[in-house]
Each structure stands twice: as structure tokens, then as C-alpha cells.
């Protein structure tokens, strides 16, 4: 498995260039970023060189299409999707991810119909570029009642939804925080087929009842109670060998990016111990 | 448009054969029935002859697959679907319908995902036999809260769902009772494209606020307050020229089938006046 | 039905603005054009005003995506498709068309697999904007052997392919020249369902055996041997009420656009006589 | 990987029961059979017991639907598919396979359109039972010109077709004979994702130019020139751990089933040496 980073939990990041060199310096081989921003920032050639020179790959891009509100907004986002997909492909990245909020102010059933149609179309566009789409289920309990109607938050419901979407290239983004807050075990991961694991996030949780954990109050890997080593072992046993990206959603830190990268590295060293 | 009957509202029906001759006698040209039962009852050759001799066609068959509960039950129903479709095709019927309950005890979003997948598969199987699938939205207000979670009951939500299902051969079954209880107008029908109107039911409603009307308390056409003539005129203007089948869900009547057919005919004569 | 024009057969056209005013002057209510070019030419607001002021609508846009060669070229074209679809929608146009060459240098079966996947994706993207995709079968005999392997050229094969593509919004573009060169009759049109007729082209053919007619040697409506009046009557009887656009592929003419419009009008007057 | 058998190459097989006990006796853990025949032969309970008692599983069932000729024949076969799928599921088998003839008397492009639609429907029905569909490309050169028009025979074209079919549960059946006659290498197998390998056949080939090898003239594993050990090693490295079933298509043998099983075992012992 490959050590990766998202921007969440790294404080102020001056540029993608700085992020790449910082990642390399602290032993990370992948970062998640916005490919269109990156190319706009430094041009395609330099972007490729930066990644190559530092031995860093792009782990995944975000699905930058709003599939959760109106058809108008969905169509608006659709316009840049083929270009973003091509940019990702050109930079050697073949994963795109989006998260599923566990509740919604829309009526749940019609929203599920619209979301299915929209995500299917995004998956098909991404598929033309060889890119897989990972859907992240979100376990945090407070979000299940944050909006008027429950939507979905379990892995099994997400897998079932993926069957309905029906595209070859759709699977899960599995985040250790949502695995933990959903009260899941390593056995739940072991039953997965590799084709259904698109991407992986890690971060840690405070102690206490899982129903009280807040989505935006996460800890750095190794600083909390989640069995991250077991989590990664199970994913590896299930056949996953791709990027595991840190995503620490929390209050802004006063530490510098380098200090935070050192802290992240320490957690990864423990979680990845003895894994291939 | 073609005058049709379902079995609902005709009291005790001795046999499909009697239903066919009764329909013909009272000026109806179509009946909805179960094609496998019919063929089992009298054999394919006699079944065809009965219809031909009386000038009666089959308007639509019911989707005899339980797509509303478990995967097990869904799969169980699937087994007879190709055979039922072939039977319908052999008897010259190319429509199959099912109704959508406006609420469900299942969590709404996962149920929508499962229902979408199941109905898509049914539609695709039916499509191999040239058969279209009509989805009937159900407006009755008391059913919207009959089960724990709201599902859907409006025509627009149903059309949107049909887009998601994405099959060429799926459209609406429009029932005058649900048009009325949803507070719809003829303009709502005029905007429909003909490809989206698979089948039509008529029956009438008692006076009073639509929110109080019970689904199982319907009246014979012409005996209530629904503007059935306007309803049919609008459907015809929208390009529909198929079967309009009476479906009177109500308490059992003490009248004979022939008496009820005469009553139905009287209502149809008014509703169909001056229509082609 | 609505009288329409493509750019083919009108000589040198100074601008879309001139085309619109010329169309209006000679009694045409629709033109086919490239919506992105049009908006680039004069801005969205002026584009709308030009159409509104002259009472001219856009009949259809071309599918500006190369689905016939490599995946690379297909992906290249995909990038502008959502924007073109949005432009068409903004200008009130909900049709997009492409033609099918009857032979190909690619191996036929793998090419059909690729073409199916590509056109399905285009159709789904267009569908997000409410736009239908019309596939034009091409009857011209010399094109059936122009490239190494036969592909398809009949209406029935195209309809069957549309079933496979499986999208709700795909149908036919029917061109009178291909109807004629395929040796088709009005009965072939009468059996069509309206949902399957997306767009219509007219133009005329020289006398002589249909197997000798060249694709780029067409005549103006009314100047050849095709029974255009019967063609249009049959399409109307089949439920089509949309745009019928002239497309005269032939040698460049020395006549001016206005002279050619007058000539086109004369042909339309005969072909449209007594049609609604 | 699991040692398996098909019926091809075992001479006269008295019954599935005898086949199961013979397989177990000679160290095979899987057989391919027709689940409906098997259940009809001995009933569901006894069928399960036979498999359980001998430690033998069903490797794969054949797709018993004719998707290669007319719609009528396709529909005819469709009728038993849900029941066959349920039987397979009940017996613990979740694979179904069919082969692709490399040429066809049908026009290639329309046939590809029809075949895509038919196999998609079969895949979706099988998917409701959790069953995957494996498509077997057939390399034998003489079959490429056996019928009027070339269809497809390479792994890459088959993978591309699978993308078009677009179902989550469709992949390859890889047969060592077709790997050999297509001139493929172990590298071609190493690039496969596990989700795309549904089932594997082995058998051996005579020496000589691959273009001369006849499809019905195969040898027992280990008796010919194919590097079966390398073939299996590469599949294992690509993530495949399922059944590898012998399928020896050849002239009837005068040997008994037990003698042929002993011969097969000898070949498997060599091919499987040092594999897990």
C-alpha cells in the first residue's frame, strides 16, 4: 500500500509544488489534489516533472460536480468534468472520489433517484478516461439527523447502491473514521472484493461512544483509538494495494506544514508497520 | 382510445371466458388479465380464439414480481416473468403495469436504490418481448403516511424516476383517481409525450376534500366528481390512443357482473362522448 | 411540421445572422447550426434576440464528437459536449444528430462495440440537458463498399442498434435521400413510433437506378424523383410534427443564398402542400 | 487455485453422481455441470449432499441461452435462465460462462448490436443471483473464416466489448488453448485485473504453427506444447484464485472415465506444481 496525503490536516499549504516536495521529504508517495488547479498553477509539463522528480503520484481527485442539489448546478459542474478527467489521466491518476452525506433536506426517495442518475453519468464520463469513481459512506452519527431526511451511511447500503448504479468503474472510498463510527470490524473489510475498493482515507478518533464523535473533530493517525493497523491489514488482505491518504478534518492548527507532516509520518510509521 | 376493463369493480367473475364475452356484449374492446392463468385455464389456442371471436384484446398484464420487499422474493417472482411476457406477446398484449406505494416501511433511500435496480431488470426482460412497463403513481393521501417513510406519489417524481431507470420501454400508468387526488389539471397531462403514457385507468371519486379520499373507496365512472371527459380529452390531445381500463376499487357489490358492466358502460358512454 | 434549413445547399452564407433573416424571409421557421459558433459570433443575448425577432428556432445541432475513430479523438471531442448541449438548451434546441457511415475500415464487430459505448455516453450527456440524439442511417450504395467492412445502412438495423444503446432519448434522423436509396416505402415510415423520430432531412434525387445515386449529388426538393409529399405525409401520420430541414449535398452553386432560398422555398411549397 | 473438470475429455460419464465421486477420487475439487439437469437427476437435497460429502464444488455453469441466432431463440432460452441461476446459487456456484465464435454468418455489426443487448440482459438476470458471466474468446484460426464474417477473437477486443456491455459482473473465461492460438504471452495475463477473470479452462495443444491448430483437436494438460505452468502462475499473480477446469475437446477416447481422470490428474500435478 502507498502512503498518501490529502490537504486536510496539513495547515496552510503554499502551493501544490510545496505540498509535493513536503510529501516526498516525509516519505509519502501520493497526494490528492485538484488536477485543473495544479495544471493552471504550473502548466502540464512542469506538473509532470514535479511529480516525477519527487517520486510522488496523485492518489485521487475529487468529483468536482455538485450532484446533491439542483439539475442546474449538476449541469454546471458537468461542463468541466471531461477536462478534469483528462487532466487526471494525463497526470497518471485514475481515481476520483466523492462523499455521501447521511441525511438530506430533499425527500429521500426522489433524491436517491436523481443522485443515481447523476452519479451514473459522472461514472460513465470518468470511465471514458479509465478513471474509477469511489463513493465514501459517512458514518458520523450527528450528520444522520443534520438534515431533514435520512439518506444512507452504511457500507452495505453503499455497495447495494453501487449495484444499482451499475457501472463497471464504481466502488468505495473507505475512511477509517466512518469505519469506526459505523461500529464496523475487520471482518467487514475482509469480505470485500478488490474491485470494490477504489480509495482509502485514514485518520483517528477520540475515545468515547462512537455516537458522540463529530465529523470535524478527527485526530492524526496513531493519536486516537482506532485500530488503524488492523484496518490496513484487513484492506490489504482483501486485495487492496493502492493509496491510503490521510484526511484529518479538524480545527486549524498553529503548526507549520512541515511540523504536521512529521506528525503524520509518525502515525503512518505505526499504522503501516510490517505491511508491504 | 379503446374502452377497457380490469377485474376490479365487476363483482364475481366466473372465468376469463365469461369476462371476455361480457366485455364484448357491453361494448368494451379490452380487458386486463393474467396471461398465464388465462392460458392455463383454456389453452393458448382457445385463448386466442376467444379474444379474436369477441373482438377483445388484452389491455395490459400486471407485473407479477414482488419488487417491494426482499431480494429473495424478487428473485422468486423473476422466475415466471419471461414466461408471462411471452404469453402476453403471444396473445398480442405489449403492456405490463405495476403500482408504486407512496410510503414504505423500508428506509426510503436504500429502498429506492433496490427498487430502481429491480424495475430496470424487469423492464429489460419485458423489453426482450417488445413489452412496455407502466409505473402507476398513487395519489391517495392516507397512503402517504400508511407506512413509516414517504416514498413518492407525484407524476413529476415518477417521470424523474423513469429517467433514472433509463430503459426505452418504461412510462406511466395514469389513473384518474390519482390524477384527482394529486390535485392535477388537464394541463399536467397535455405536457406529456406519448412515449411516456403506457396505460390509463379510469374510475371516479366522491365529493369532498381530496385529502380525505380513500384508495379503496372509488366510484364507477360518471358517478362521482372527476372530470373524466376532460381527463380523456387531454390524454388524447397528448397523443394517447390506447386502452383506457376501468378499475373500481371498492366494497364488494351485490350486483351481478352483467349489471355492473351495464353500469360501467353508462359511465364510459359519457366519458368517451365525442372522443375518437 | 416545421420548415427548416441546414447550411448544405445555400451556397456562401455570410453569417448565422444573415442565415436567420434569409430563412425568415423565405418562410422557413428553423435552421440547424453550431450553437457554440453562433454564441461566439454574437453573444448569447443577441443570439436569442435574433432568433426571437425573426421567429426562427434552431432545429438541431450536430454531434460534434468524433465517435468513429480512436478513443483519443473521442475523448477530445467529449470535452466540449456539455457546453454545446447547454448552449443548445439555452437557445431552445433539444435535438442533436449524427450520421452513420455504411462501411468502415475498422473491423466491424469491435467497431460496433466501441461505437455503442461512445454514442451511449454522448446520449446520456445530452439527456442531462433534455436533448435527444438522432442517428441518421445512410443509404447511398457506393458508400457501403467505400471502406473495407460493411457496417449498417438500413432503418431496421438502426432501430435495433438504438434498442441496444438503450437510452430513452435516442431515435432516428430520417433523410429522404436515404429513404429513397434504401428502396423504402411510406409503409416503412407509418410503422414508426413518434418517440423514434428525432429529426427529418429532405432533399431530392436524380432519376435512375437507386444503386447508382451518389451521396454528394443531391437535388433541391421538388427537382427530382423522390415522392417528398408522400414522405412527409407518412411521417406526419406516424406522429411527427417537428422540423423538416433541407440538406442538399452537391456541387457548389454559383447562385446567391437568396436565390437558393427562393429555389428551396418553391420545393417546400410543393412538398408541404396541404400538410399541417 | 482449484482443480476442476468439465465433462469434455472424460469419455462416457454415467451420471453427475459418478462424475463427482470420480473427481474427488482423483483430487479434483470442482466440476462444471448443468444445475437444472443435476437437480432433476437427483433432487436438490441429494445434489447438495453429493457435493458436500465429496468436497466438490460446482465451478461454473454454461449460459444455456442461444444469444447467437434469432430473437425468438434467444427469448426461448431466456425462460429457463432465472431458474438455472437460482439452481446454481442454491448449489453454491456463482459463475456462468459462454463462448464467442470468432466468425458469424450474420452481418457483423448488426450481430454485435444484438449480441451486446442479449448478453447484457443475461448478465443482469444472473447479477440478481450474484452470478458473474464469463465470456470466452476463441483463438482457433480456422474458426475465424469458418463463417462468412469475422467477429472477434482477441482478449483485448473481448475486454473492450465487456466495457460496452457495461455490467459489473461480466469478465473473461480464459482458456489456455485460445491463449496459445492467439500467440499470447504471460505478460498479457499479468496486466489483467482480478475482477475481469471469471473462469479458467486448461488443455494442451499439439506442436506446430498455431495457425494450423484445430479447435476440436486438443490434448490433455501436460501432453502438448503449451506452457501451462507459466499460464497458471501468471493468472495467480494477476490475482486469480478460483477454479481451473480441464476442457479437452477431441475425438472420443476408448478409455474409461477413471483412466481419463488419472491421465488428467497427471497433467494437473505438473501444471499445478508449486502453485498455491
Multiplying the sequence separation of residue D:227 and residue D:69 by 0.36 nm and subtracting their Cα-Cα distance, what value in nm do you get? 53.3 nm
Cut-off 10 angstrom, C-alpha nodes, Gaussian network model of chain B. Which of B:155, B:89, B:57 fluctuates the most? B:89
Percentage of Cα-Cα pair distances in chain A greater than 25 Å, rounded to whole percent? 45
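Normalised by the residues of chain B, what does the relative contact order come to in percent, with Cα pairs under 8 Å and at least six apart?
Numbers: 528 pairs, mean separation 62.2, N = 276.
Relative contact order, chain B: 23 percent.
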Euclidean distance between Cα centres, the range B:20-79 to the range A:232-276, Å: 62
How far apart, in nanometres, would the label points at residue D:187 and residue D:147 be if each is projected 7 angstrom from Cα along the Cα-to-Cβ direction? 3.4
Dmax and Rg, reported as Rg then Dmax, of the protein assembly as shown (C-alpha, Å): 31.7, 90
What are the extents of the Cα atoms of the range A:1-145 along their three principal axes, listed from largest to smallest and rounded to whole Å? 49, 33, 27
Most mobile of B:48, B:95, B:191 per a Gaussian network model of chain B (Cα springs, under 10 Å)? B:191
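So in the protein assembly as shown, what percent of DSSP beta bridges are antiparallel if you round to the nearest 5?
On the way: 12 of 120 bridges.
Once the DSSP bridges in the protein assembly as shown are tallied, antiparallel ones form about 10 percent.
As a check on your grasp of the helix formula, calculate [θ] at 222 nm for chain D: sum -39500 (n - 2.57) over DSSP H runs of n ≥ 4, divide by the residue count, round to the nearest 500. Don't skip to the end; give the middle numbers.
Values: 12 runs with 118 residues, N = 276.
Here the helix-only value at 222 nm equals -12500 deg cm²/dmol.
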Given points 7 Å out from each Cα along the Cα-Cβ axis, report the residue D:256 to residue C:211 separation in nanometres with one decimal. 6.5
Along the Cα→Cβ direction, 7 angstrom out, place labels at residue B:156 and residue C:90. What is the inter-label distance in nm? 2.4
Reduced to Cα centres, the span from the range C:121-146 to the range B:109-142 in Å works out to 28
Pseudo-label separations to other copies for residue B:163 - Cα-to-Cβ vector, 7 Å, nm: 2.7, 2.7, 2.8
Shortest-first nm distances, residue C:185 label point to equivalent points in other copies (7 Å, Cα→Cβ): 4.7, 6.0, 7.2
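Set the Förster radius R0 to 22 Å, insert the Cβ-Cβ distance between residue D:269 and residue D:52 as r into 1/(1 + (r/R0)^6), and round the FRET efficiency to 0.05. Write out the running numbers ahead of the final one.
Details: r = 25 Å, r/R0 = 1.16.
Working from the Cβ atoms, E equals 0.30.
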Measuring from the axis that superposes chain B on chain C, report the chain B residue with the minimal C-beta distance, rounded to whole Å. B:195, 2
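Counting only C-alpha contacts under 8 Å and six or more residues apart, can you give the relative contact order of the range A:204-260 as a whole percent? Please list the in-between numbers first.
On the way: 43 pairs, mean separation 21.9, N = 57.
Relative contact order for the range A:204-260 comes out at 38 percent.
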Using the Kirkwood radius built from alpha carbon pairs, what does the Stokes-Einstein equation give as D for the range D:189-244 at 4 °C and 1.567 mPa s, in µm² per second? 105
Distances in nm, one decimal, shortest first, from residue D:80 to the same residue in every other copy, taking the label point 7 angstrom along Cα→Cβ. 2.0, 5.5, 5.7
Grab the eigenvalues of the alpha-carbon gyration tensor for the range A:156-275, scale each by 5, take roots, and send me the semi-axes largest first in whole angstrom. 25, 16, 14
Choice from C:68, C:40, C:18 showing the highest fluctuation, given a GNM over chain C with Cα pairs closer than 10 Å: C:40
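Since every read-out is calculated from the coordinates, none of them should be taken as a lab result. Remember, predicted model here, so these are calculated numbers, not experimental data. Cβ coordinates were reconstructed from backbone atoms using ideal geometry, including for glycine residues, and neighbour counts include every protein chain displayed.
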